[in-house]
Amino acid sequence: MGYDRRVFRSIVVGTDGSDTATQAVRQAVDLASAVGAKLELVSAYEPVSEQRLAEERREAPEDLAREGGVAVEKCPRQGDPADAILDVAEERDADLIVVGNKGMTGAKRFLLGSVPNKVSHHAPCSVLIIRTT
């Protein structure tokens, strides 16, 4: 059995559809592509209808990952975005979490102001905070 030299096998990235989050996703895709990691794409929402959740799933930027040749799994969750990212990272035994340094402003469905702070303090793995502004 050979030793797996890849540092990052599973990368979790949070997205809310904002421009800053998309920048973080792009950088996570580039990193995942470079190191051969799988990407777990987390989007979190306040409680909404199943129809709205289905619409949001279709809008998730997984195409960015597929264009980069990266295996991607969408992980839509209801609730606090930081908790969703942390939960997925633990469930998938992630090696790295990627988040943008700024959240979406003015949108009521996402509560992203403190996501990088909360994730960095409670992450079960390394965290890469992308400067998006």
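The values are calculated or read from the model by the stated rules, or taken from the named source; none is laboratory data. Given the structure is predicted, the values throughout are model-derived calculations rather than measurements. Cβ atoms come from the backbone with ideal geometry, glycine included; neighbour counts cover every protein chain shown.
Got at least one residue in segment 80-98 being at pLDDT 80 or above and either at positive phi or of a type in the set (Lys, Arg) (or both)? Steps first, please.
Filtering segment 80-98 down to residues at pLDDT 80 or above leaves 80-98.
Adding the requirement that they be either at positive phi or of a type in the set (Lys, Arg) (or both) leaves 92-93.
Yes, because at least one residue in segment 80-98 is at pLDDT 80 or above and either at positive phi or of a type in the set (Lys, Arg) (or both).
Scanning segment 102-126 for residues that are at pLDDT 80 or above and farther than 14 Å from Asp87 by Cα gives Pro116, Asn117, Ser126.
Go through segment 76-103 and report how many residues are assigned to a strand (DSSP E or B) and either of a type in the set (Asp, Glu) or loosely packed, with under 15 Cβ neighbours inside 10 Å (or both).
First, pick out the residues of segment 76-103 that are assigned to a strand (DSSP E or B): 76-78, 96-100.
So of that shortlist, the ones also either of a type in the set (Asp, Glu) or loosely packed, with under 15 Cβ neighbours inside 10 Å (or both) come out as 78.
Going through segment 76-103 one residue at a time, the tally reaches 1.
When the test is whether a residue is over 13 Å from Gly14 (Cβ atoms), modelled with pLDDT under 75 and over 12 Å from the mean Cα position of the chain (by Cα), Gln51 passes it.
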